[in-house]
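Here is the structure we will look at.
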Amino acid sequence: MLKYLCTTIFCVFNVLPLINHAKAKDGTDLEMAQYRERIKSMFYHAYNSYLENAFPYDELRPLTCDGQDTWGSFSLTLIDALDTLLILGNHTEFQRVAALLQDTVDFDIDVNASVFETNIRVVGGLLSAHLLSKRAGMEVEMGWPCSGPLLHMAEEAARKLLPAFQTPTGMPYGTVNLLTGVNPTETPVTCTAGVGTFILEFATLSRLTGDPIFEEVARKALRSLWKTRSDIGLVGNHIDVITSKWVAQDAGIGAGVDSYFEYLVKGAIMLQDEELQSMFLEYDRSIKNYTKFDDWYLWVQMHKGTVSMPVFQSLEAFWPGLQSLLGDLENAMRTFHNYYTVWRQFGGLPEFYSIPQGHTVEKREGYPLRPELIESAMYLYRATGDPTLLQLGRDAVESIEKITRVHCGFASVKDLRDHKLDNRMESFFLAETVKYLYLLFDPDNFLHNSGSEFDTGTGPQEDCVLGAGGYIFNTEAHPLDPAALHCCSRALEERQELQDILLSLSEPINKQPSAGKEEELPPLSSSESIALKPGSRKKAPILSCPMQPFSARLAVLGQVFTDST
C-alpha cells in the first residue's frame with residue numbers, strides 16, 4: 001500500500017507536470033505554426049499585388065493599385081523580396097525571379113540613385129540571393145560561391161556607386177548618376193549612415209570577387225568618419241563629405257545615424273575585425289554617458305551633450321537587437337519594453353514620439369510599416385526565449401492586418417492617431433518586416449542553424465563549409481554567410497602562402513651575411529608560419545578561434561615541410 005501511495009505521489013508531482021508541459025508545448029507549437037501561415041498569407045498578398053499591379057516599377061502603390069519608381073528603377077521590391085521567398089520555403093519562385101532579374105535589370109541607365117539605398121537594397125539583396133542560390137535548388141557554376149550571375153550583378157551595381165567615393169575625405173556623396181557619375185552640382189552634405197553603411201556589402205564583394213577596391217573605399221569612409229567625432233566621442237547627423245565639417249550636430253542612435261553603429265558591430269562580427277569593434281565600444285560609452293535617460297535614448301548636441309530633442313524615433317527600435325549581439329541583454333530588454341509600450345499605445349511606432357508628452361510629434365505621426373521593433377524582438381527571443389517578445393509579434397500581425405491591409409497589398413499609415421493610410425508600400429515591408437516576423441515564429445528556420453547542418457562550396461577551396469549558421473543580416477535584412485567570405489578570400493591567401501613557400505624553397509640556403517657577419521635567425525616555433533617573415537608571429541584576432549596555418553597542412557605524419565626537408 002505504501003509502495004502504491006509513493007508511486008501515486010511520484011506521478012502527481014513528476015509525471016503530470018511533464019504531461020502538462022508537453023501539452024503546453026504542443027499548444028505553443030500549434031500557435032507558432034498558425035502565425036507562420038498568417039505571415040505567409042500577408043507576404044503573398046503583398047507580393048502578388050506588386051507583381052500584378054506594379055512590376056517592373058520599384059514599388060507598389062496599394063491604394064491606387066499601380067506602381068512607381070522611387071530609388072532608381074531596379075524593380076526594387078522584387079530584388080528586396082527574393083531571399084524572403086526562400087526563407088518562406090518557396091524555391092520555385094526564387095529560381096524564377098532570379099532568372100527574371102538577370103534578364104530585365106539594367107544598371108546602365110541615366111538615373112540619379114541613392115548610394116546608400118542602392119547598396120543596402122540592391123547590392124545587399126543580390127549578394128544574399130547569390131549566397132542562397134544553391135540552397136534554393138539553382139544549378140550553380142563551378143567556382144561558386146566565388147562566382148555566379150547574381151554575384152556579377154551585385155558587383156556591377158556596386159561599381160556604379162564607386163564614383164561617389166572619389167572625394168578628398170573618401171566619404172561618399174549621397175547620390176550618383178548610374179550612367180555619368182556624380183553630378184557637378186551634387187550637394188556634398190550627406191547623413192552619417194550614408195557614409196558608414198557599406199562595410200558589410202562591400203567587404204563581402206571584395207572577399208568573394210578578389211577585387212579589394214570595394215572594401216578599401218568602405219574602410220576609408222569609416223576611418224574618415226571616425227576622425228570627425230567630437231571631444232566627448234559623439235558624431236552628428238549630417239556631414240560635408242568634402243570638408244569633414246558637421247552640418248547637423250544632433251547626436252543620437254536614430255534616423256541618419258542608426259545603421260552606422262549597426263555596421264560597426266556586424267562588421268566586427270562578420271570580418272572578425274578588432275578595429276571596428278573598438279570603434280563601436282568607444283561610441284557606446286559616449287552614447288550611454290550622454291544620450292541615455294531611464295532606458296530611453298535622446299538626441300543631444302554632439303559637442304556639449306545637452307539635450308536637443310527629447311524624442312524617440314521609430315528607427316531607434318533596432319538598438320535592443322544590436323545590444324543582444326553584444327550580450328547586453330538586461331539593458332536591451334528594458335529598452336525594448338519602453339519601445340513596446342509605444343507600439344501598444346498606437347498599434348505601430350510613430351516616426352517621432354515625444355517622451356515627456358507621451359504622444360506623437362506633429363508631422364511625424366506616420367508608420368510606414370517599419371521592421372525595427374520586430375527585428376529586435378526576433379534577436380531577443382533567440383537570445384532569451386522570453387514570451388513577451390512573441391506577444392509583440394502577435395500584436396504586429398494583428399495591427400498590420402487590421403489597420404494597413406487593403407485590396408492591393410498593405411499601405412503605410414499616414415497618421416497613427418486616426419489610422420489614415422498613405423499610398424505607398426516600401427520594398428522593406430517584404431524584405432524586412434515580414435521576414436523578421438516570420439523568423440520570430442519559426443525557430444527551426446535554416447537561418448537559425450547552430451551548425452548542425454551545412455553545405456560545401458565548389459569554389460577555389462572546395463572543402464569550405466557554407467550555410468552552417470551565423471548569418472549576418474545587413475540593414476535591409478539580407479542575410480550574408482560569413483563562411484563564404486572565408487571560402488573565397490582564404491583561397492587567395494593560401495595561394496599566396498604557397499607561392500611564398502615555393503619561392504623560399506628555391507632560394508639558396510646559405511645567404512651572404514650582411515656587413516660581414518652571419519645573421520642569426522630565431523628558431524621557428526610550432527605557432528609560426530614559414531610563409532611569414534622570420535621571427536614574426538601569426539596572431540589570431542580576439543574575435544575568432546585560432547586557425548591552423550596553411551603551411552601546417554603541408555605535412556606528412558605531422559612533419560611540416562621546411563626548406564631543409
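Assorted remarks:
- Expressed as a whole percent, the accessible surface of the stretch 142-222 that belongs to carbon and sulfur atoms is 57, based on a 1.4 Å probe.
- If R0 is taken as 30 Å, the Cβ-Cβ distance between V465 and T92 corresponds to a FRET efficiency of 0.65.
- Rounded Å value of the spacing that divides the Cα centres of the stretch 174-238 and the stretch 82-121: 22 Å
- Gain in span if fully extended, L502 to D231, counting 0.36 nm per residue against the direct Cα distance: 92.5 nm
- Length gained when the stretch L325-Q391 is fully extended (0.36 nm per residue, less Cα-Cα span): 21.6 nm
- Excluding same-chain neighbours fewer than eight residues apart, the aspartates and glutamates reachable from K402 by a Cα-Cα span under 16 Å are D415, D418, D422.
- Modelled label reach - H303, point 7 Å along Cα→Cβ, the stretch 255-292 residues with backbone N closer than 20 Å: 286-287, 290-291
- Pairs from the list K245/K363; K266/K292; K304/K414; K292/K363 with a Cα-Cα gap above 27 Å: K245/K363; K304/K414.
- F454-Q102 pseudo-label distance in nm [points 7 Å out on the Cα-to-Cβ vector]: 2.8 nm
- In this rough spin-label picture, where each label sits 7 Å from Cα along the Cβ direction, the N445-N112 distance is 3.7 nm.
- Per residue value of the accessible surface for the stretch 171-305 (all protein chains in place, 1.4 Å probe), Å²: 35 Å²
- Extension gain for the segment K220 to T384, taken as residue separation times 0.36 nm less the Cα-Cα distance, is 55.4 nm to one decimal.
- What the phi angles of the stretch 202-212 give under the Karplus curve with 6.51, -1.76 and 1.60, with θ = phi - 60°, is a coupling list of 6, 5, 4, 4, 5, 5, 7, 8, x, 9, x Hz, glycine and proline written as x.
- 15 Å reach of a label modelled at Q34, 7 Å along Cα-to-Cβ, counting backbone N of the stretch 370-391: 391
The values are calculated or read from the model by the stated rules, or taken from the named source; none is laboratory data. Every value quoted in this text rests on a predicted model; they were computed, and no experiment measured them. Positions of Cβ are backbone-derived with ideal geometry, glycine not excepted, and every protein chain shown enters the neighbour counts. Please note that ligands, DNA and RNA were not included when accessible areas were found on the heavy atoms of the full protein model with its side chains. Shrake-Rupley method; radii C 1.70, N 1.55, O 1.52, S 1.80 Å.
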